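Worksheet: the structure to be examined is printed underneath.
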Amino acid sequence: MKEANMKLDEQILDLEGKPLTKQGSSETMTVRYAARSALIQPPKQAIPLDDSVRRYELQHTLHINENPKLKAEDIVLIKNCVAEVFGPLVVGQVVRVLEP
């Protein structure tokens, strides 16, 4: 398992280097928020119950643990979910933080 020495609370920045805000809020978007938000979005195609529960549990782990220990497959799942929900600006920054 990989220790999340990753900077999950790193801010997501716009093209000018200014922090992006969460949709409908003045709060800054972070890598942790993007990952959690993407994990709980309805997938484009139906997925098995176990996968749905896994996504929920992983987002909960990210919520309650400042430095969660993530398995390689958890990191892959997070990156794939983020890519499904967000555009390249957010995806690129999340992937950069999650890469070893």
Worksheet item: Could you say whether any residue in region 65-75 is closer than 15 Å to Tyr33 by Cα, in contact (Cβ under 8 Å) with a residue 24 or more places away in the chain, part of a helix (DSSP H, G or I) and not aromatic (Phe, Trp, Tyr)?
Response: yes
Worksheet, complete the sentence: Within region 54-69, residues in contact with a helix residue (DSSP H, G or I) (Cβ under 9 Å, 6 or more places away or on another chain) and polar (S, T, N, Q) come out as Gln59, Thr61
Worksheet item: Restricting attention to region 61-72, and to residues there that are over 27 Å from Asp14 (Cβ atoms) and modelled with pLDDT of 95 or more, which single residue is surrounded by the most Cβ atoms within 10 Å (Cβ to Cβ)?
Response: Thr61
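Working only within region 84-100, note down all residues that are touching a residue at least 40 places away in the same chain (Cβ under 8 Å) and farther than 16 Å from Gln11 by Cβ.
Answer for region 84-100, where residues must be touching a residue at least 40 places away in the same chain (Cβ under 8 Å) and farther than 16 Å from Gln11 by Cβ: Glu84, Val85, Pro100.
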Practice prompt. From (1) out of contact with any Ser or Thr (no Cβ under 7 Å at 6 or more places or on another chain); (2) under 19 Å from Lys18 (Cα atoms); (3) surrounded by fewer than 18 Cβ atoms within 10 Å (Cβ to Cβ); (4) of a type outside the set (Asp, Glu), pick out the condition that doesn't hold for Val94.
Written response: (3)
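The values are calculated or read from the model by the stated rules, or taken from the named source; none is laboratory data. The structure presented is a predicted model; accordingly, all values stated were derived computationally and were not measured. Note that each Cβ is placed from the backbone with ideal geometry, even for glycine, and that neighbours are counted across all protein chains shown.
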